[in-house]
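Bear in mind these aren't lab numbers, they're just calculated from the coordinates by the rules spelled out. These figures come from a predicted structure and were not determined experimentally. Cβ: placed from backbone, ideal geometry, glycine included. Neighbour counts: every protein chain shown.
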Amino acid sequence: MFEKNKEMILELISLCQEHQENTHVITVFDDPYNTEALSGMIFPKEISDVEAGFSYASTYYTGYNAFWKFKKDVEDGKFSNPNMKYLVYSTSQLGTDVDRRSHVPILCKENRLTLLTCDAYRLGLLMDKSHYFSLLKDFSHIPHTITYYGQKNFKNTIKSPYIILKPALECAAVGVTKVKNGNILPLLKDMQDKFNQKILAQEYIEGYEVSVPVLERDGHYISTPPVWVKFEGDILDYNKVDNVQYSFSVIPNEEFPYNDVIPSICKHAEQIMQFIGAKGLSRVDYRIRNEKDFYVFDIAALPVLADTGTCAHSFKALLGNSESMYEAIIGSCLC
């Protein structure tokens with residue numbers, strides 16, 4: 001079912017290869033052990049994977065391990081060759097607020113450097129779960145979600161027996177907790193005090209966790225094979241993520257019970273990212289209850305590209321190697 005999508009991605013890879021001599025890829029990462037944010041950083045092994053991927057996909061490559069170093073070189077005119085197209089991939093964060101990933105995109109816009117990711121606006125939109133779940137509430141397959149921001153008249157309208165609580169601005173399952181439905185206001189207050197941000201309360205969906213990578217190409221959105229995230233227990237919490245207590249399995253496969261849902265979730269993921277206007281490679285995460293009932297529980301504007309993430313496994317299943325993912329991301333910005 002992915003043959004047409006594979007052909008489109010192969011065209012992007014050809015574009016990347018065709019323009020290697022006049023493109024220069026730049027990556028900007030942080031020291032993951034010296035950031036204010038609680039999540040969103042990637043670690044040395046993952047940074048090494050991503051640097052190797054973009055180095056493989058480009059003749060000219062420069063990597064940075066701090067925003068200020070990149071900013072200085074930009075302001076000093078290092079990336080000003082009119083015959084070169086500069087492509088920037090960044091996970092850098094400054095601060096803890098919703099705009100913490102906006103600094104590199106804004107600098108790039110001011111200096112006419114091309115982003116390999118979403119722009120500052122969409123990075124902020126997709127950083128704030130309360131924002132994008134509110135925007136998507138009229139879509140089908142969206143769980144009932146309410147946001148606690150400290151209001152005294154908070155009303156719990158969720159009917160499911162269990163509820164998932166999660167900080168609005170974090171990823172990697174930071175703070176994600178499953179609780180029994182009832183008087184959840186004390187828990188919400190405690191979480192808001194702990195994380196100093198809005199807290200989402202969301203109906204708990206029992207089922208299988210599946211991620212769908214989506215690549216933008218000139219306003220069109222291309223999904224790649226979904227990846228089943230396997231773990232013990234009801235939810236993938238921070239402890240499981242931190243201790244790598246999970247595994248991946250690309251679907252369809254014989255072990256997964258609802259392979260017939262794949263066309264539906266892929267189409268749904270493409271429609272959502274088109275509505276948002278995402279750029280580069282993004283990812284929509286689902287809970288699959290059966291072939292008809294599936295629900296979005298997260299969206300990643302900057303999914304992990306390293307082998308520790310689902311996107312690399314998806315591209316490897318589609319094209320035989322994960323390096324093709326980096327070429328496709330580059331090609332998507334050359335259309």
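Angle of helix 323-332 to the longest C-alpha principal axis of the chain, folded into 0 to 90 degrees and rounded to 10: 80°. For residue 155, the aspartates and glutamates whose Cα comes closer than 17 Å to its Cα, not counting residues fewer than 8 places off in the same chain, are 190, 203.
Shape descriptor for segment 217-335: Rg over Rh equals 0.95 (Cα atoms; Rh from the Kirkwood inverse mean 1/r). Between the helical axis of 310-319 and the longest alpha-carbon principal axis of the chain there is an angle of about 60 degrees.
Hydrodynamic analysis of segment 145-203 uses the Kirkwood radius over alpha carbon pairs. Inserted into Stokes-Einstein at 25 °C and 0.890 mPa s, it gives a translational diffusion coefficient of 217 µm²/s. Under 17 Å from a point 7 Å along the Cα-to-Cβ line of residue 19: which residues of segment 296-335 have their amide N that close? So the set is 325-335. Calculated mean residue ellipticity at 222 nm for the chain: -10000 deg cm²/dmol, from DSSP H runs with n ≥ 4 weighted as -39500 (n - 2.57), summed, divided by the residue count and rounded to 500. Relative to the current alpha-carbon distance between residue 75 and residue 218, full extension at 0.36 nm per residue lengthens the span by 48.5 nm.
Over 22 Å between Cα atoms, which of 6/45; 180/292; 152/198 qualify? As for pairs spanning more than 22 Å Cα to Cα, those are 6/45; 180/292. Were the residues from residue 193 through residue 111 laid out at 0.36 nm apart, the gain over their Cα-Cα distance would be 25.6 nm. Subtracting the Cα-Cα distance of residue 153 and residue 254 from their residue separation scaled by 0.36 nm leaves 31.5 nm.
Summarising the overall dimensions of the chain from its C-alpha atoms, the Rg and Dmax are 19.7, 62 angstrom. Its alpha carbons give segment 69-187 an Rg and a Dmax of 19.5, 62 Å.
Here segment 159-250 is described by how far its Cα atoms reach on the three principal axes: 45, 32, 29 Å, from widest to narrowest.
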